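The values are calculated or read from the model by the stated rules, or taken from the named source; none is laboratory data. Worth saying up front: this structure is predicted, and the values here are computed from it rather than measured. FYI the Cβ positions are ideal-geometry reconstructions off the backbone, even for glycines, and counts take in every protein chain you see. Each accessible area value is taken on the protein alone, full model and side chains, heavy atoms only, with ligands, DNA and RNA left out. Shrake-Rupley method; radii C 1.70, N 1.55, O 1.52, S 1.80 Å.
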Amino acid sequence: MRSIGFFGGTFDPIHLGHLRLALELKQQLALDEMHLLPCYIPPHRASPSVDAQQRLAMLQLALADCTELRWDARELQREKPSYTFDTLSELRAELGADVSLSWCMGMDSFAGLDSWHRWQELIGLAHLVVVARPGWEQPTTGPIADLVAQHRANADEIHTSAAGKLVILEQRLLPISATEIRAQIGAGESPQFLLPDAVLEYLRAQVLYGY
Ligand code: ATP
């Protein structure tokens with residue numbers, strides 16, 4: 001069965017922590033494809049001076065020399081915040097019922113999953129792959145704990161069905177944060193070696209985040 005992973009985020013900006021995790025997930029889960037999906041941010045919440053097209057341009061530059069990872073701009077094209085339910089429904093309709101889809105997210109996102117639109121239906125559309133993040137505990141009671149109890153599976157099981165498994169991975173994460181990168185630039189420090197050189201060049205050329 002063909003298997004495709006999706007890793008969403010604001011990517012404001014994309015950095016080596018995101019890229020390395022996406023690549024490791026692809027390899028560890030033996031996925032045929034891994035797509036990074038920048039999410040739409042309402043203009044009033046966006047970083048001043050950085051728009052959706054620039055976040056996408058940075059992602060494209062970051063992936064230019066990488067044959068393992070792809071980008072998917074569908075959430076930006078809608079020009080309004082997307083529900084994961086809608087994105088996964090669209091992907092499922094496009095790709096058909098016989099493709100294994102894995103929606104990857106950090107434990108920080110997963111812990112609040114029960115506030116997402118139609119969250120109980122997500123596991124019917126895709127596998128959920130959750131990466132432990134330091135500082136975030138897996139809920140032990142409540143609706144999220146029930147979801148885990150019902151659907152928890154080993155990583156290799158995502159290849160035996162198109163959707164319905166919940167995989168929790170203990171992954172080493174590079175200690176890099178987009179918030180910190182923006183703060184460093186704001187303080188006049190260089191973010192070199194935290195993001196790809198091509199992205200750094202773009203930041204400089206476009207004077208993003210005040211760089
Ligand atoms: P910040 O770095 O300011 O916390 P962020 O990078 O978490 O922002 P997003 O761009 O939305 O914000 O992150 C997208 C996804 O990447 C999230 O699921 C998050 O858990 C994950 N992520 C963030 N930083 C790292 C990192 N250093 N290594 C691996 N994954 C990361």
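From the set of residues in the stretch 69-85 that are of a type in the set (Asp, Glu) and open to solvent by less than 70 Å² (accessible area, probe 1.4 Å), which is nearest to SER109 (Cα to Cα)?
Initially, the stretch 69-85 is screened for residues of a type in the set (Asp, Glu), giving 72, 75, 79.
Pick out the ones that are also open to solvent by less than 70 Å² (accessible area, probe 1.4 Å) and you get 72, 75.
Working: ASP72: 20, GLU75: 17 Å.
Among residues in the stretch 69-85 that are of a type in the set (Asp, Glu) and open to solvent by less than 70 Å² (accessible area, probe 1.4 Å), the one nearest to SER109 (Cα to Cα) is GLU75.
Only residues that are open to solvent by less than 20 Å² (accessible area, probe 1.4 Å), within 15 Å of the ligand (Cβ to nearest atom), outside any helix (DSSP H, G or I) and touching a strand residue (DSSP E or B) at 6+ places or on another chain (Cβ under 9 Å) were counted across the stretch 30-60, and they come to 4. Please determine whether any residue of the stretch 92-107 is within 18 Å of the chain's Cα centre (by Cα) and surrounded by fewer than 17 Cβ atoms within 10 Å (Cβ to Cβ). For the stretch 92-107, residues within 18 Å of the chain's Cα centre (by Cα) and surrounded by fewer than 17 Cβ atoms within 10 Å (Cβ to Cβ): absent.
Can you confirm whether LEU200 is open to solvent by 60 Å² or more (accessible area, probe 1.4 Å) and out of contact with any Pro (no Cβ under 6 Å at 6 or more places or on another chain)?
Criteria not met by LEU200.
The sole residue among LEU91, LEU21, LEU31 that is within 29 Å of GLY186 (Cβ to Cβ) and not acidic (Asp, Glu) is LEU21. Restricting ARG182, ARG152 to those that are surrounded by 11 or more Cβ atoms within 10 Å (Cβ to Cβ), of a type in the set (Lys, Arg) and more than 13 Å from the ligand (Cβ to nearest atom) reduces the list to ARG152.
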